[in-house]
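No value in this document is a laboratory result; all are computed from the given coordinates. Nothing here was measured: the structure is a model prediction, and the numbers come from that model. Quick reminder, even Gly has a Cβ in these numbers, built from the backbone with ideal geometry, and neighbours come from all protein chains shown.
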Amino acid sequence: MVLYVCADRPRTEPRAATQRAQTEGHAFARERGLTITEVVTDTYGEPDPARRGGWRRVRQLVQTGGVTAVLVRWPSAIAPESADELRHREIAWLNDHGVHLRYTWAPLMSLSGEMR
């Protein structure tokens, strides 16, 4: 399982959002008896996940078969609302590779794996 974090904005308090998302993701996994094998991070801002080094790493891990699920805090970690077609593309790609997407933020946990 991979925890993907794309939270910090270049002009905000350094690493605060990333640390919060990582803490939440680890708690989510621990509460469910899941093992996070790698934490992958990106700086928030680039709308296309395919242009982010961290998301490319997630795709690489999926392609090698070592990942069954990807944890993210919320959908905009993959792509912002203004680029939801990019988010849907990536979620579909994960699904096509047999990988489940799980949201770690409490209000979205029930939506995990859905095309939102």
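Remark: the stretch 38-54, residue by residue, has Karplus-estimated 3J(HN,Hα) of 7, 10, 10, 10, 9, 7, 5, x, 7, x, 8, x, 5, 9, 9, x, x Hz, where x stands for each Gly or Pro and the curve is 6.51 cos²θ - 1.76 cosθ + 1.60 at θ = phi - 60°.
What shape does the stretch 1-80 take by its C-alpha gyration tensor, where a ≥ b ≥ c are the square roots of the eigenvalues and a/c under 1.5 counts as rounded, a/b above b/c as prolate, and the rest as oblate?
On the way: a/c = 2.24, a/b = 1.19, b/c = 1.89.
It comes out oblate by the Cα gyration axes.
Maximal additional length on extending the W105-T64 stretch stands at 12.0 nm, based on 0.36 nm per residue less the C-alpha distance.
Under 5 Å between amide hydrogens, built in the peptide plane, is the criterion, and for V5 it picks out V40, T41, D42 among residues at least 5 positions away or on other chains. Note on E31 and Q19: their simple-model spin labels are 2.1 nm apart, each label 7 Å out from Cα toward Cβ. In the chain, helices alone account for a calculated mean residue ellipticity at 222 nm of -11000 deg cm²/dmol, with every DSSP H run of four or more residues adding -39,500 (n - 2.57).
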